[in-house]
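The values are calculated or read from the model by the stated rules, or taken from the named source; none is laboratory data. Note that this is a predicted model, so its numbers are computed, not measured. Methodologically, a virtual Cβ is constructed for each residue, glycine included, from the backbone with ideal geometry; neighbour enumeration extends over all protein chains shown.
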């Protein structure tokens, strides 16, 4: 009996760590909205051994890179989404920083957190804090969520990210009846967030106003980053 339970646990962990997507893969820059700024398509990408704060790459078709200087506008998906499963691989050089804004409003933080032990919402797999401009300057940031464990790989390595995100829900009168949430965030096969309720958009959101459907965006202005293998499954249209 114990053996059967262990097998079942292994199956469940494997399914969460490697979601099987009936998904759309975003393979071209044309899958994103203009302007795309300095984002380019690349083949092989690696951390510069002489300058570990930078990425070097060759032209190709496998990856999206935010330019030679690691500075680019947000890369915004053409399609809009509600509930979704999301997968990507990403690479950060030493000390770099990026993030994924679901619905352009709720940021999952990507950061070079290799070896960090005192985790905060700003570390890799963290959920950015909320922001209230109307209050005291020292109290404007609140309610961020640190990752439960540091699952971050060393800078320059490809890392995997699997997410189940739920959009806020509204009644016929337009009143919000359910908050947005990150049901599960899996970084490099390890669960780092689970059942996190998002009462309002996070800091850096495109708007403080919540909506039922919106695109996602990739942050490109805070340091070099590369993305590949971006896959999206629209749960609103595949689970009903």
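Which one of these does residue 21 not meet: (1) in a loop (DSSP other than H, G, I, E, B); (2) at pLDDT 95 or above; (3) surrounded by 15 or more Cβ atoms within 10 Å (Cβ to Cβ)?
For residue 21, the exception is condition (2).
Which residue pairs have Cβ atoms closer than 6 Å, lie 6 or more positions apart in sequence or on different chains, and pair a first residue in the stretch 22-33 that is without any contact (Cβ under 8 Å) to a residue 60 or more places away in the chain and on the phi < 0 side of the Ramachandran plot with a second residue that is surrounded by 14 or more Cβ atoms within 10 Å (Cβ to Cβ) and assigned to a loop (DSSP other than H, G, I, E, B)?
29/36
Got at least one residue in the stretch 199-214 being in a strand (DSSP E or B) and touching a strand residue (DSSP E or B) at 6+ places or on another chain (Cβ under 6 Å)? Spell out the reasoning first.
Step one: list which residues in the stretch 199-214 are in a strand (DSSP E or B), which gives 214.
Of the ones still in play, those that are also touching a strand residue (DSSP E or B) at 6+ places or on another chain (Cβ under 6 Å) are none.
No - not one qualifying residue is present in the stretch 199-214.
Give the stretch 166-194 a look and list any residue that's without any contact (Cβ under 8 Å) to a residue 40 or more places away in the chain, part of a loop (DSSP other than H, G, I, E, B) and under 30 Å from residue 151 (Cβ atoms), or say none.
179, 188
Regarding residue 37, is this residue part of a loop (DSSP other than H, G, I, E, B), in contact (Cβ under 8 Å) with a residue 12 or more places away in the chain and out of contact with any helix residue (DSSP H, G or I) (no Cβ under 8 Å at 6 or more places or on another chain)? Spell out how you get there, then give the answer.
Values: part of a loop (DSSP other than H, G, I, E, B): yes; in contact (Cβ under 8 Å) with a residue 12 or more places away in the chain: yes; out of contact with any helix residue (DSSP H, G or I) (no Cβ under 8 Å at 6 or more places or on another chain): yes.
Judged against the criteria, residue 37 is a match.
So which of 160, 181 ends up being at pLDDT 95 or above, in contact with a helix residue (DSSP H, G or I) (Cβ under 9 Å, 6 or more places away or on another chain) and buried (at least 17 other Cβ atoms within 10 Å of the Cβ)?
Every option except 160 fails the conditions.
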